[in-house]
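Down below is the structure, laid out as structure tokens.
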Amino acid sequence: MQKTSAWPLALIYICLIEYASLYPFTEWRDQGIVPWAFLWAPLPKYWTGFDVLSNVLGYVPAGFLLALTAWRTGRGRRAIWLATLVCGALSLVMETLQSYLPTRVPSNVDLALNFLGGWSGAVVASWLERLGAIDHWSRLRARWFVTDARGALVLLALWPVALLFPAAVPLGLGQVLERMEAELAQMLGDTPFLNWLPVRDMELQPLVPGAEFVCVLLGALIPCLVGYCIVRSGARRAVFAMLTLLVGVAATGLSAALTYGPQHARDWIHPPVLVGLGVAPVLAVVLLWVPRRVCAALALLGMGIYLSLLNQAPADPYFSQTLQTWEQGRFIRFHGLAQWLGWLWPYAALVYLLSQIWEQDGKN
């Protein structure tokens, strides 16, 4: 039995499906009918290509990762059926629970499309396994990465998805302080605990260009340093850093295109951002041969500065309106999976980096 990154990725993806399927988790009610009545209900009269595509594609990664987990853990003969069964059961539970949510509509067509998506992902994973592509990846992983690379690989795989959530500062993940304060104030509004919340002496101020430059620089460099903790040689680190920076720029451009329209895919590139993206590869090259433990420490230090600067800045009113569009419109069904990743990715990376430093201390 092999350790595989597919299993933690599958668990994370299943949690994201649950979030996207049950959002906004409010106003639960009983309609007075059995919750699985949608199974024998007439087919929906109205549907869009977006709904069909998102319901199929939304379950393809789940089927793929579950089937890959089955192959990696010695259950290859039943990989397709196990993965498809889990995806089908997950979809059935989600559609059934949607019967209790006023903003969601359970559908037998959605169930069938989710089932098809899970089966398709499992078939692709099994096909790649039989062709030897998965074994080739395992050999490639052994050459490029240290033995215990699973945590970093999961973080790095989730980073581009987290960037799809629109950020007030390009590559600026983890800006949660202002939203947390507002949510806590609303939750505690009619209780005496409201007085326990700290009161700021002055309002949050927008980032000056220099601070924005630092945030963009660190937002691009930190994933490179996380990768340096697991990539074996300096030459391979150089290739990894180049690919990471290209993926970061591409994901940010895609986020802008999805949020504001394709014609605005490059509007986020202005002087502080351009300088930050220019300095990041230079520093990535300078740090190519730095030891793993030092890379983890530098990433931890950079993360502290990065989160401190981002959370001292407010989201401007136009950006807040954009977030409402994401959360209330159709984006929450498809791209809303990125919302929590955009908030939580840096903090998960903090936990990983601390564990790396403690692990190295234990070995010394």
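Selection of first residues in segment 268-291 that are more than 17 Å from residue 226 (Cα to Cα) and of second residues that are surrounded by 15 or more Cβ atoms within 10 Å (Cβ to Cβ) and of a type in the set (Ser, Thr, Tyr), restricted to Cβ pairs under 7 Å at least 6 apart or on distinct chains, gives the following pairs, ordered by first then second residue: 268/252. Just one of the listed residues (297, 315) is crowded, with 17+ Cβ neighbours inside 10 Å, touching a Lys or Arg at 6+ places or on another chain (Cβ under 9 Å) and either at pLDDT below 95 or more than 18 Å from residue 244 (Cα to Cα) (or both), and it is 315.
In the set (1) buried (at least 17 other Cβ atoms within 10 Å of the Cβ); (2) at pLDDT 95 or above; (3) of a type in the set (A, V, I, L, M, F, W, C), the condition left unmet by residue 265 is number (2).
In this structure, residue 144 qualifies as surrounded by fewer than 19 Cβ atoms within 10 Å (Cβ to Cβ), within 29 Å of residue 353 (Cβ to Cβ), at pLDDT 85 or above and out of contact with any Gly (no Cβ under 7 Å at 6 or more places or on another chain).
Can you say whether residue 141 is among the basic types (Lys, Arg), closer than 15 Å to residue 67 by Cα and assigned to a helix (DSSP H, G or I), as far as the supplied structure shows? Criteria not met by residue 141. Exactly one residue among 42, 61, 35 is farther than 28 Å from residue 157 by Cα and either loosely packed, with under 14 Cβ neighbours inside 10 Å or at pLDDT 85 or above (or both), and that residue is 42. Considering only residues that are surrounded by fewer than 21 Cβ atoms within 10 Å (Cβ to Cβ) and of a type in the set (Ser, Thr, Tyr), look in segment 64-110 and name the one that is modelled with the highest pLDDT. Here the answer is 96. The numbered conditions (1) outside any helix (DSSP H, G or I); (2) over 23 Å from the mean Cα position of the chain (by Cα) are all true for residue 269 except (2). None of 299, 284 is outside any loop (DSSP other than H, G, I, E, B), within 22 Å of the chain's Cα centre (by Cα) and in the same structural domain as residue 167 (by TED's automatic domain parsing) except 299. Out of 180, 242, one residue alone is surrounded by fewer than 23 Cβ atoms within 10 Å (Cβ to Cβ) and at pLDDT below 80. It is 180. The condition of being more than 28 Å from residue 244 (Cα to Cα), in a helix (DSSP H, G or I) and acidic (Asp, Glu) holds for only one of 135, 110, that being 110.
Condition check ((1) assigned by TED's automatic domain parsing to the domain that holds residue 237; (2) of a type in the set (S, T, N, Q); (3) not in a helix (DSSP H, G or I)) across all residues:
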site	(1), (2), (3)
70	no, no, no
78	no, no, no
81	no, no, no
88	no, no, no
102	no, no, yes
130	no, no, no
169	yes, no, yes
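Taking every residue in segment 234-248 that is under 14 Å from residue 295 (Cβ atoms) and touching a residue at least 24 places away in the same chain (Cβ under 8 Å) and pairing it with any residue that is hydroxyl-bearing (Ser, Thr, Tyr) and in a helix (DSSP H, G or I), at least 6 positions away or on another chain, the pairs with Cβ-Cβ distances below 7 Å are 237/228.
The values are calculated or read from the model by the stated rules, or taken from the named source; none is laboratory data. Note that this is a predicted model, so its numbers are computed, not measured. Positions of Cβ are backbone-derived with ideal geometry, glycine not excepted, and every protein chain shown enters the neighbour counts.
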